[in-house]
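Accompanying notes for the structure given below.
The values are calculated or read from the model by the stated rules, or taken from the named source; none is laboratory data. It should be emphasised that the depicted structure is a prediction, and the values quoted were computed from it without experimental measurement. Every residue, glycine as well, gets a Cβ built from its backbone with ideal geometry; the counts of neighbours run over all protein chains shown. These area figures cover heavy atoms from the full protein model, side chains too; ligands, DNA and RNA do not enter into them. Shrake-Rupley method; radii C 1.70, N 1.55, O 1.52, S 1.80 Å.
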Amino acid sequence: MKTKLNFVFLAYKNYLLCMVFIVSGGMEMFAFNFFQEQQIVQTFSEFKGTVIDSKSKAPLSFATLIVDGTNISTITNSEGEFLLKVPKTMVDNTISISFLGYQVKTIPLSNLNGDDIQILLDEAAMELSEVKINVPKDAYTLVKAALDKKSDHFLTEETIMTAFYRETIKKRRRNASLSEAVVEIYREPYASSKSDKIKLIKARKSTDYNRLDTLALKLEGGPFSALYADVIKYPQYIFSENDFSNYEFSFDKSTEINNRSVYVVKFKPHENIVIPMHYGKLYIDAETFSLVSAIYNLNVENREMAAKMFVRKKPNRVTVYPTEAAYRVDYRNHNGKWHYGYSNLQLTFKVIWRGRLFNNVYTLNSEMAITDWAKNLGDSFTRKETLRPTVILSDEASGFSDPDFWGEYNIIEPEKSIESAIDKINRQMERRKGNE
């Protein structure tokens, strides 16, 4: 039976969503690769491990690992785990592991040979007051300087960046849809007003419509939605000229990142602001006034106004509103220049169907990490292969049965819940093949 789809679009500025109502159900699984695979000789080595706090032994999620002397890098997942793929010609290199508020640790890659490898990071003990720096007049002035100094401290040349992107959709606590991709990003200089371009290299996905029941959420924009969290390149989505004066800024306790002193600035909308706006923390390098990280949320307490920001059209018998909209972006420094390194977007929606006893809660999470990059010698992206900002990644990809699908590309190690879902998908694939 053919499934009928009714599309309901949601949009928050450029963080675009699409809700798909499944009129007639059925489980949809894909057993083929959208991109043709070629047999290649493995020319890389894999290193696995976990990054943890040296005292509490708690896992450190979103820690950055960079192969020294290169632009090869990866990010730990929410459980502190990582998988790093390095060309065999570089296995004698060292790697640097960094995490906000902790001292950078540099170790030889050879230390990661073995099972159950743990990398222990120590909290930074340095207080910002102990460092002789040019203290800004106030937090407002500091944030303004951080946004205005992108020409001085961020990449000034076009670059081609390789990135790993993942979308997950959960119905309550259970994974219902998984989409992953390796993309190339043609990044314009930070001072340029031109938008970046994205090209899809490899992708895979699986959606269990039985688990989604009658409702599935899809993220429109895919990798673009993660890229637009780059506050420096795209300030219009949080700190536009019209919105900036509506925020109040204050200093929080300082910290350290990459062995550099960092100001922590809290921001929130003024009390008289009634429309949903962002609040959170900005981490700004004390010497250069460069933004090195931002962790923030959208205030969705006003359900009606927050829903209007996301929901454009929906069936009359359904009420949908966001209960959380959380964002994170991290930057990296290479030879004195900062660039976008990682971002995460998490949106949670409550869906209420009139006449039904129980409500549903859906959580959509998307994240993207830069895994390698190089200066660009020219824009080689053709119009045909360039993704549109309105792309829905899960409609562009298929296949989830090949455990070696990613080959030499670095990816964010999946969480245990995602691994479990992938294993289940693969078992279903094998059973299906056995019955054919």
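Within region 267-325, work out how many residues are in a loop (DSSP other than H, G, I, E, B), touching a residue at least 40 places away in the same chain (Cβ under 8 Å) and closer than 21 Å to residue 239 by Cα. Full working, then the answer.
Applying the first criterion (in a loop (DSSP other than H, G, I, E, B)) to region 267-325 yields 270-277, 286-290, 299-302, 312-317.
Pick out the ones that are also touching a residue at least 40 places away in the same chain (Cβ under 8 Å) and you get 286-290, 312-315.
Subsequent filtering for residues that are closer than 21 Å to residue 239 by Cα retains 286, 288-290.
Counting residues in region 267-325 that are in a loop (DSSP other than H, G, I, E, B), touching a residue at least 40 places away in the same chain (Cβ under 8 Å) and closer than 21 Å to residue 239 by Cα gives 4.
Within region 78-85, is even one residue surrounded by fewer than 17 Cβ atoms within 10 Å (Cβ to Cβ) and part of a strand (DSSP E or B)? No, the conditions are met nowhere in region 78-85.
Restricting to region 48-77, and then to whatever is part of a strand (DSSP E or B) and of a type outside the set (A, V, I, L, M), can you tell me which residue is nearest to residue 166 (Cα to Cα)? Selected residue: 74. Answer with yes or no whether residue 361 is open to solvent by less than 20 Å² (accessible area, probe 1.4 Å) and either part of a strand (DSSP E or B) or closer than 30 Å to residue 99 by Cβ (or both). Spelling it out, it is not the case that residue 361 is open to solvent by less than 20 Å² (accessible area, probe 1.4 Å) and either part of a strand (DSSP E or B) or closer than 30 Å to residue 99 by Cβ (or both).
Can you find even one residue in region 332-348 that is loosely packed, with under 15 Cβ neighbours inside 10 Å, among the polar types (S, T, N, Q) and over 29 Å from residue 62 (Cα atoms)? Scanning region 332-348, I find no residue that is loosely packed, with under 15 Cβ neighbours inside 10 Å, among the polar types (S, T, N, Q) and over 29 Å from residue 62 (Cα atoms), so the answer is no.
Listed here are the residues, each with its yes/no results for (1) touching a Ser or Thr at 6+ places or on another chain (Cβ under 8 Å); (2) buried (at least 19 other Cβ atoms within 10 Å of the Cβ); (3) modelled with pLDDT of 90 or more.
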{"position": "165", "(1), (2), (3)": "yes, yes, yes"}
{"position": "169", "(1), (2), (3)": "yes, yes, no"}
{"position": "181", "(1), (2), (3)": "no, yes, yes"}
{"position": "196", "(1), (2), (3)": "no, yes, yes"}
{"position": "208", "(1), (2), (3)": "yes, yes, no"}
{"position": "211", "(1), (2), (3)": "no, no, no"}
{"position": "220", "(1), (2), (3)": "yes, yes, no"}
{"position": "227", "(1), (2), (3)": "yes, yes, yes"}
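If you go through region 86-95, how many residues are buried (at least 16 other Cβ atoms within 10 Å of the Cβ) and either on the phi > 0 side of the Ramachandran plot or not aliphatic (A, V, I, L, M) (or both)? Here the count works out to 1.
Can you tell me how many residues within region 99-117 are surrounded by fewer than 22 Cβ atoms within 10 Å (Cβ to Cβ) and under 24 Å from the mean Cα position of the chain (by Cα)? Let's see the steps before the verdict.
Narrowing region 99-117 to residues surrounded by fewer than 22 Cβ atoms within 10 Å (Cβ to Cβ): 100-101, 103-117.
Remaining after also requiring under 24 Å from the mean Cα position of the chain (by Cα): 100-101, 103-105.
So the answer is 5.
Taking residues in region 35-52 that are over 23 Å from residue 385 (Cβ atoms), and partners anywhere that are modelled with pLDDT of 65 or more and of a type in the set (S, T, N, Q), the pairs with Cβ atoms closer than 8 Å and at least 6 places apart or on different chains are 47/113; 49/118; 50/76; 50/118; 51/76; 51/118; 52/118. Screening region 320-331 for residues that are under 19 Å from residue 284 (Cβ atoms) and not hydrophobic (A, V, I, L, M, F, W, C) and picking the one that is most open to solvent (accessible area, probe 1.4 Å) gives 328.
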